[in-house]
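The structure appears right after this line, and notes come after that.
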Amino acid sequence: MKEITNEVLKEKIYYEKLENGLDVYFMPKEGFTKKYAVLATNYGSNELEFVPIGENKPIRVNEGIAHFLEHKMFEQPNGKNAFDEFSKYGASANAFTNFTMTAYLFSCTEYFYECLAHLIDYVQTPYFTDENVEKEKGIIEQEIKMYNDDPDWNVYFNALKAMYVNYPVRVDIAGSVDSIYKITKEELYKCYNTFYNPGNMTLFVVGDLDVNKVMDTVKKYNHNDVEKLEHKIETFYPDEPNHVNEKEVIEKFPISIPMFNIAFKDNNVGMSGKELMKKEIITEILIDMIFKRGTALYEDLYMQGLINENFGSGFSSQVNYGFTIIGGDSKNPKEVKRIILEYIEKYKKEGLDKVAFERTKKKKIGHFLKYFDSVNFIANNFIAYNFKGMNVLDYLDVIKEVKFEEIEERLKEHLKEEYCVISIVEPK
């Protein structure tokens, strides 16, 4: 067992790779009453073309299958639902699928080891039949239709579709009604057997727990009767050009005030590990300096009545893609975009404020340290970072390296009008 420590954070993580390839991490948090565990696979909705384990030719699967698979994992061979067992122990359980990973998690204050055993067991016990797969299609169809009626969801996904020409991040995580009705039991098993191989998965546990008991529980209930993953799963993605797909998408919904997402496509991609972490931190600092509450741009837009308290911004980044999104409500979204681009050009010519940079950087460090009081934050961020080749404990070292000149360079490289799109949902 390996120990990973950070003296500044005063945090320690125990790590062991099991014989079947599963990566297991445990962070002790003495004095915390809440315990948390997340078991995740490095597999999300973007993985549509791959070479299945045991085969030598790539296949393409139906859109939405990763999300469909997540739904089906709760149905057990004994007819019970996996959530029922967690409820019995008073635990709160959930699962989610995003573009790049699928995660199964629970939190509790008591009966942690029983819940951990159950988590490991049910995620490694797929049960798909023709009947239960067909039944699930109707449930997911209703979920898709619900999201199709959600203006927030549509303004966001329309921005992704505007930015991306080919990359599957432009495809709804749940797929479409047409695509999910093509999913079969055999296709689900093929995806499961490939991507739910322990060698493609990570378990992270955090709480006031005994490290040896955690590891013993994992080893006892971990399934060892699967073919070990001897090589990286081959996945294929379409070539994505640097240019955006379309500059503007407008859709009508029964709402009272227009909603918008202004997005900048990131073309500086293909990095992982600390290099990617540094790019993320640099971009987040840049965005905070320009768009957050209290900045000159925010105050200008607010005083003109062009935005309200729903205005926000953020950067989303993976190894192969990334984007900045600024969103909110406005009676005139196109004017908001015009002013934003005007401010960006002004900062490119006149430079950013170095004092604001130092203040923003210190604030981000403070927020990061505060987040370590949350077991949810620790676990979910550790897993997300881990699949990008990062360790969350490296964050402080990396942010301290960030220089003001790198923020200004990122401004010029990333926030370009040619990479900018706007998605608007306006009243019918």
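What number results when the radius of gyration of region 288-374, computed over Cα atoms, is divided by 2.2 N^0.38 Å?
1.22
With a cut-off of 8 Å between alpha carbons and a minimum separation of six or more residues, what is the relative contact order of the chain in percent?
The normalised contact order for the chain reaches 22 percent.
How would you classify region 357-428 from its alpha-carbon gyration tensor, with a ≥ b ≥ c the square roots of the eigenvalues: rounded for a/c under 1.5, else prolate if a/b is greater than b/c, otherwise oblate?
In terms of gyration-tensor shape, oblate.
Tell me, what is the per residue accessible area of region 21-76 in Å², probe radius 1.4 Å?
Per residue, region 21-76 has 33 Å² of solvent-accessible surface.
Counting only heavy atoms of protein chains, what accessible area per residue, in Å², does region 351-428 have with a probe of 1.4 Å?
Result: 46 Å² per residue.
Name the long-range amide H neighbours of residue 251: under 5 Å, sequence gap of 5 or more, or other chain; modelled H, no Pro or chain starts.
424, 425, 426
Taking the Cα centre of the chain as origin, sum charge times position over the Cβ atoms of Lys and Arg (+1) and Asp and Glu (-1), and report the length of that vector in debye to the nearest 20.
Dipole size: approximately 920 debye.
Beyond 30 Å between alpha-carbons counts as too far, so tell me which of 279/354; 349/370; 10/232; 247/292 fall in that bin.
From 279/354; 349/370; 10/232; 247/292, over 30 Å: 349/370; 10/232.
Can you pull out the GluC sites (Glu not before Pro) in region 191-272 whose DSSP state is coil and whose Cβ has at most 15 other Cβ atoms within 10 Å?
Those satisfying the criteria are 227, 230, 234, 246.
What 222 nm value per residue comes from the helices of the chain, counting each DSSP H run with n ≥ 4 as -39,500 (n - 2.57) and dividing by all residues, nearest 500 deg cm²/dmol?
So the helix-based figure for the chain works out to -13000 deg cm²/dmol.
Which distance in Å, rounded to a whole number, links the C-alpha centroids of region 116-165 and region 208-254?
Taking the Cα centre of each part, region 116-165 and region 208-254 sit 15 Å apart.
Starting from the Cα gyration tensor of region 148-247, take the square roots of the eigenvalues, sort them a ≥ b ≥ c, and report rounded, prolate or oblate (rounded when a/c is under 1.5, otherwise prolate if a/b is larger than b/c, else oblate).
Note, shape of region 148-247 comes out prolate.
For region 18-101, what is the relative contact order in percent, using Cα pairs closer than 8 Å and at least 6 residues apart in sequence?
33
Using only Cα atoms, tell me the angle between helix 333-350 and the longest principal axis of the chain; keep it within 0 to 90° and round to the nearest 10.
80
Helix 273-291 against the longest principal axis of the chain: what's the angle in degrees, Cα atoms only, rounded to the nearest 10?
40
Share of the chain's accessible area from carbon and sulfur, percent, 1.4 Å?
Its accessible area is 47 percent carbon and sulfur atoms.
What order do you get for 312-322, 189-199 when each peptide is scored by the mean count of other beta carbon atoms within 10 Å, highest first?
Output ranking for 312-322, 189-199: 189-199, 312-322.
The values are calculated or read from the model by the stated rules, or taken from the named source; none is laboratory data. No experiment lies behind these values; they were computed from the predicted model shown. Note that we place each Cβ from the backbone using ideal geometry, even for glycine, and neighbour counts take in every protein chain shown. The accessibility values were calculated without ligands, DNA or RNA, using every heavy atom of the protein model including side chains. Shrake-Rupley method; radii C 1.70, N 1.55, O 1.52, S 1.80 Å.
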